[in-house]
Structures are given as C-alpha cells and as structure tokens.
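J.: The following block contains the structure, expressed as structure tokens.
Nothing in this text is a laboratory measurement; each read-out follows from the coordinates by a stated rule. Please read these numbers as outputs of a predicted model, since none were measured by experiment. Cβ coordinates were reconstructed from backbone atoms using ideal geometry, including for glycine residues, and neighbour counts include every protein chain displayed.
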Amino acid sequence: MNPASTAELLDETHVRACLQRVLRQHTGSEAQIGALKRFPVGYSWLTYGFDASWDSGSGPQRRELILRLGPPNGLFAPYLAAPQFITLQAVRDSGVPVPAVHWYSDSPEAFGAPWFICEKVAGRAPVMWGEQFSDATRSALGEQLADSLAALHRFEWRGTAIESMSGGVTVENAARTQVDYWERAMRGWELRRLPMAESVLGWLRRHCPPAPRISVVHGDYRIGNFLAEGDRITAILDWELVHLGDPHEDIGWMCQRTFRPGTPLICTLIRREDLYARYQSLTGIEVSPRAVHFYEVLGLFKFYVIDVGAERCFEEGRHNDLRLPSMCAQAPRLLLQLEKLIAEAP
Amino acid sequence: MNNSLDRLFSGIIASLHSEIIPRLDDEFARGQAYATIDLLNNLRPRLDWAVGPLAAQIAAQLVAARRIDELAQGVPNGPPALPPALAAMPDPAAGETLRWRRDQLDEHLCKVVDWQNQPPAGVSETALAAIAAVTAQYMQEQVRREVSLLPKPLFGEIAGNTGTAKPAAKN
C-alpha cells in the first residue's frame, strides 16, 4: 500500500478494512470488530479504540484494543512505531504501568502508515486545566507519577531490545545529542530564523550538563499523558519521543510551567522538593537542580521547535488541523518565557 | 465587502462562541472551533485589507477620473474635477514587501547572534558585550512586541476542557 493521507487514516471505512486484514493476519481467524472510536487528542499519532473478538486455538477471544497510526504527513512525520513498541514490551513488568502491546509495523503495507495495537487500559487522562482533585487523590497520583518515573529510569535496558536504540549516547554527550536533535528539527522546519531562538540555542550549547547515567527517557512524561482510575495511575501513555538519555530530561520536562498553570505543584500534583526526594530515594540518582534547569530550558525550547514544525506542516498544507496555527501563534510567548527561564538559572 | 474588518472578526467570533460551539457534540469539532476563534483573535490585530486588489481598484478609478477630466475640459458646468488630493496613487506599502524586509533584517541579526555564540578568536570581551547588549535589547523588544499582539491562548478549550465536564478520554 502507498503511504496514506491523513484523510484516509481518518476514514473509518478504510481503517476498518485495514484492521480486518491485520487482525486476520495476526490472529489467524476472521475477527469481529466493533465500532471505532477516534480519540481527539494529540497533533501527530491518530488513536482509535475498538472491541475485537476472534477464535483462537485456546478458545474465543474478546479484547478492547487501541490502534495508533503515525500519519505520513503528520506533524513529526516520518514516524516509527518500533521504538514505542519495543520499549512498551521491554518495560512491561518493570513497575512502569504500561498497556500490553500486541502487534506493530513500520511498513506502509497494512495501513499506509506505521502502526501498533495495544490493550485498552481503564481510566481517563487527567489534564492540567480544571481538574478538581481531592488532596488524597492529588497526593496519590503525584507519588505514583514520581514512582513510575523512578521505575523507568532504574530500568536496566542493556541486554534488552531497547539497546538497539542507543545510537552511541553516553553520559558525556547525552545533553548535546538532544540539543543537536532539536536544532536539526528546527532547521528542517523553520520558515525564517529568529534572533532570540538562535540566542537560546547558543545558551543550550554552552550549558550541556553531564548525565548521571543513561536511562530510558519517556520524552513526554507529564500530566495529560497518563491514565488514572480514582487514585491509581493505570498507564503511562504517549511514548512516541522515547529515547535513551539523561534521566534529568524527563524531570525537567514534567517541571515545565505549562504543565502546572497557576500552581507551583509539578504537573499540578506534587511539590518539586517532594518529587526530587521521592525520586532520589527510589533511584539513588542525586537530582541536580542545574541539570533540571537545563532540561527545563531545553523542554521549553522543544515547545518552540514543535511550534515551528506545526507552522511548517500547516504552511505546506499537510494538515488542515486549525489547532496547529493556533498553537504556533503562541511561539513569541515561548521565546519570552525562555528568556526569563534562562535568567533564573540556579 | 463594506463591513469593517473589526466588526467582521467580532461577529464571526461571537457566532462561533454563542451559536456554533454550543451545538457541537463532537469533542474534536469543538477543539477545531475553539482553535478557529483563537486564530481569528490572533489575526485580528494584524490584518488589513489586501493592498493588491485595492491598488488595482484605485488605479482603475484614477484612469476613469483623469479621462473624465480630459473630456470635461472646456465643458461649461461640467462634472466635478478630480480633487488634487486624490489625484496621486498612494504609496503601495504592501504587507508582503514589509514582511520580506523584516525577515531579511532578522536573518541579518541572526548572523550577528551566530557570531556572538561563537566569537572568532581575538574579539575583545568589551566589544562582544557591547554588541550582545544591543542584540539582547532588540530581541527583548521584538518578542514583547509580538506578545503584545497575542490574545490569551485557548489551549484548555482547544484540548477539550471547556468547563462542561467533558472528560478527556485517551489511551
């Protein structure tokens, strides 16, 4: 199959027909597929929920499943399903709550796009705006958010399939590798250069910290990217930016002000000092405020680069999603925040 | 179109807010509608009528009016003459021309920042600091000027949290 357009991947008839073929191929029998529900989240991967039932050698199976598709013309295309799938499979029993994964492919053969299918996990995704948590729920979710991150960063990835993602990253070059990665992304997308962005990039290059160790870094670890049921986190989601790097990177990212509007609580859930203390006691990694600050700056810079990417994507007509230009209109606000954040260096 | 741009923007936004969004049940469609409002709010302080079609219209008016003036020479009680204040084509300061010039100047200043980021050997700290102070002031003013045009973002509403108890379901 040729690469599919976003319109095709939004066409439920097309997706259903492809799903039918994929399930037949992987289960060895004709599957019954219930209604497809598209979740209206994210700017890149498309997400469908569906029920499927089929006969297997061990009897009838019925599953609630999630299909994720990386559209060839999406914001960060080209996408790869393999890093997410490999990571989710590897960390499954490590103390990080993740959905069980079933099948994946980066070939366009099945859907015209990279895809993977995983188990649907119960719960809803709390967001940073307007949640009315009780103190007990807030505290429980905050602690589990810290615990799950600690479990991820403790995970011994060497000797697992994740090792194939290492790309030569070391404690010395982890920060510089990420700065280079996001600079390349910006260069590929920018419609014009802005002096403030160049100035921030210069600051990042001059302040790269060494990493205390190389861990699996989620890349988008925050409120909004986990499911919770009551006081319990049931799954950490959205692994599309997963890579190996400095564990401070995830801490700096989740500490972004964007994820705690109007509150000092990290991700609106936990005090920074409590996060650091709990994380340190679970990982043995001493949290460096300077490194966290560096990764907060890098994180905010990533937001800027993502805006630049959104601008390019919309300008080229690859997406008509109006959330993209709406989002990138705020880029100057990010540059202003970057200037202030750099001035707050510890 | 004879309505003012400002009225058109405010009317479209009001209609989306009060007539369209309350009738949308689909969360994704509501997000798109809020993003539309956000974009209109962003465009509102930046847009003016396109210069090109207006200039063409004015040129055509001037051709007609000048021709009428010629034909009216010596005609008693002829038609009113073209007032001298209206006789010249206004300076066509097209938005695109200005944007191109702005981008060129920013690229020039980016090259100055590149130079600051990796100063060549032998550049004195004093000279570097003096130039960096100028670019820093420019950058601060630039982003503040841009931010002054930005409305409050509607990220929460666009993401589906509209205060109407619609849960953000995902997996």
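J.: Enter the Cα centre distance for the pair the stretch A:219-234 and the stretch B:122-154, rounded to the nearest angstrom.
T.: 38
J.: Quick check on the stretch A:192-298: what does the Kirkwood estimate of hydrodynamic radius come out to from the alpha carbon pairs, in Å?
T.: Taking every pair of different Cα atoms in the stretch A:192-298, averaging 1/r and inverting gives 15.1 Å.
J.: Follow-up question, since we're still on this one. In cubic angstrom, how much convex hull volume per residue do the alpha carbon atoms of the stretch A:6-121 span? Don't skip to the answer; put the middle values down first.
T.: Numbers: hull volume 12.5 nm³, N = 116.
Considering the Cα atoms of the stretch A:6-121, their hull volume per residue is 108 Å³.
J.: Can you pull a Stokes-Einstein diffusion coefficient for chain B at 10 °C (1.306 mPa s), Rh from Kirkwood over Cα pairs, as a whole number of µm²/s?
T.: Translational diffusion coefficient: 72 µm²/s.
J.: Next question, about the same structure. Relative contact order for chain A using alpha-carbon pairs under 8 Å, separation at least 6, rounded to a whole percent?
T.: 16
J.: How would A:Asp106, B:Asp38 line up from fewest to most surrounding beta-carbon atoms within 10 angstrom? Walk me through the numbers before you get to the answer.
T.: Details: A:Asp106 17, B:Asp38 26.
Placing the least packed residue first, the sequence is A:Asp106, B:Asp38.
J.: Based on Cβ point charges of +1 for Lys and Arg and -1 for Asp and Glu, what charge dipole magnitude is obtained for the protein assembly as shown about its Cα centre, in debye rounded to the nearest 20?
T.: With only Lys, Arg, Asp and Glu charged at Cβ, the dipole is about 360 debye.
J.: Using DSSP to call loops (not H, G, I, E or B), can you name the GluC sites (Glu not before Pro) in the stretch A:313-346 whose Cβ has at most 16 other Cβ atoms within 10 angstrom?
T.: Of the GluC sites (Glu not before Pro), the ones in loops of the stretch A:313-346 whose Cβ has at most 16 other Cβ atoms within 10 Å are A:Glu316, A:Glu344.
J.: Let me ask something else about it. Arrange A:Glu183, B:Glu107 by Cβ neighbour counts within 10 Å, fewest through most, would you?
T.: Neighbour counts put them in this order, fewest first: B:Glu107, A:Glu183.
J.: What does the C-alpha gyration tensor say about the overall shape of the stretch A:41-184? Classify as rounded when a/c is under 1.5, otherwise prolate if a/b is larger than b/c, or oblate.
T.: Taking the square roots of the gyration eigenvalues as a ≥ b ≥ c, the stretch A:41-184 is rounded.
J.: What is the mean number of Cβ atoms from other protein chains located within 10 Å of the Cβ atom of each residue in peptide B:106-114, rounded to a whole number?
T.: Other-chain Cβ atoms within 10 Å of each residue's Cβ, averaged: 5.
J.: Excluding A:Pro209 itself, what net charge comes from residues whose Cβ is under 9 Å from its Cβ, given Lys and Arg +1 and Asp and Glu -1?
T.: Surrounding charge for A:Pro209 is 0.
J.: Still on this structure: Each residue of the stretch A:14-23 in turn: what ³J(HN,Hα) in whole Hz from Karplus with 6.51, -1.76, 1.60 and θ = phi - 60°, glycine and Pro shown as x?
T.: 5, 5, 4, 5, 5, 4, 4, 5, 5, 5
J.: In nm, to one decimal, how far is the A:Ala35 label point from the A:Asp11 one, both placed 7 Å along Cα→Cβ?
T.: If labels sit at A:Ala35 and A:Asp11, their model points lie 2.3 nm apart.
J.: Okay, moving on. Residues of A:319-326, mean number of Cβ from any other protein chain within 10 Å of their own Cβ, rounded to a whole number?
T.: Shielding by partners across A:319-326 averages 6.
J.: Between the stretch B:42-114 and the stretch A:119-176, how many Å separate their Cα centres?
T.: 58
J.: Stretch B:Ala55-B:Val112 to full length: gain in nm at 0.36 nm per residue minus the Cα-Cα span?
T.: This chain segment gains 16.8 nm when fully extended.
J.: So, one more: Helix-only estimate, please: 222 nm mean residue ellipticity of chain A, summing -39500 (n - 2.57) across DSSP H runs of length 4 or more and dividing by its residues, to the nearest 500.
T.: After summing the helix terms and dividing by the residues of chain A, the value is -13000 deg cm²/dmol.
J.: Also: Using only the alpha-carbon atoms of the protein assembly as shown, report the extent along each of the three principal axes, biggest first, to the nearest angstrom.
T.: 105, 66, 46
J.: Quantify how strongly other chains surround peptide B:133-145 by giving the mean number of their Cβ atoms within 10 Å of each of its Cβ atoms. Intermediate values should be presented prior to the final figure.
T.: On the way: counts 0, 0, 4, 4, 0, 2, 10, 4, 0, 6, 13, 4, 1.
For peptide B:133-145, the averaged partner shielding equals 4.
J.: How long, wide and thick is the stretch A:112-242, going by the Cα atoms along their three principal axes, in whole angstroms, largest first?
T.: 45, 40, 40
J.: Mind sorting A:Ile214, A:Ile266, A:Ile162 by how few other Cβ atoms lie within 10 Å of their own Cβ, fewest first?
T.: Ordered by Cβ neighbours within 10 Å, fewest first: A:Ile214, A:Ile162, A:Ile266.
J.: To the nearest 20 debye, what charge dipole does the stretch A:101-159 have about its Cα centre, counting +1 at the Cβ of each Lys and Arg and -1 at the Cβ of each Asp and Glu?
T.: 40
J.: At 0.890 mPa s and 25 °C, plugging the Kirkwood radius over alpha-carbon pairs of the stretch A:243-333 into Stokes-Einstein gives what diffusion coefficient in µm²/s?
T.: Stokes-Einstein gives a translational diffusion coefficient of 166 µm²/s.
J.: In terms of Cα to Cα distance under 15 Å, which aspartates and glutamates are near enough to A:Lys37, apart from those fewer than 8 places away along the same chain?
T.: Counting by Cα, and skipping residues close in sequence, A:Lys37 has these aspartates and glutamates nearby: A:Asp11, A:Glu12, A:Asp51, A:Glu64, A:Glu119, B:Asp25, B:Asp26, B:Glu27.
J.: Which percent of Cα pairs goes in each bin when the distances of the stretch A:191-236 are cut into 5 angstrom slices starting at zero?
T.: Calculated over all Cα pairs of the stretch A:191-236, the distribution is 5, 14, 12, 12, 14, 15, 12, 9, 6, 1 percent.
J.: Oh, and also: For the stretch A:190-346, give the magnitude of the charge dipole about the Cα centre (Cβ charges: +1 Lys/Arg, -1 Asp/Glu; no others), in debye to the nearest 20.
T.: 340
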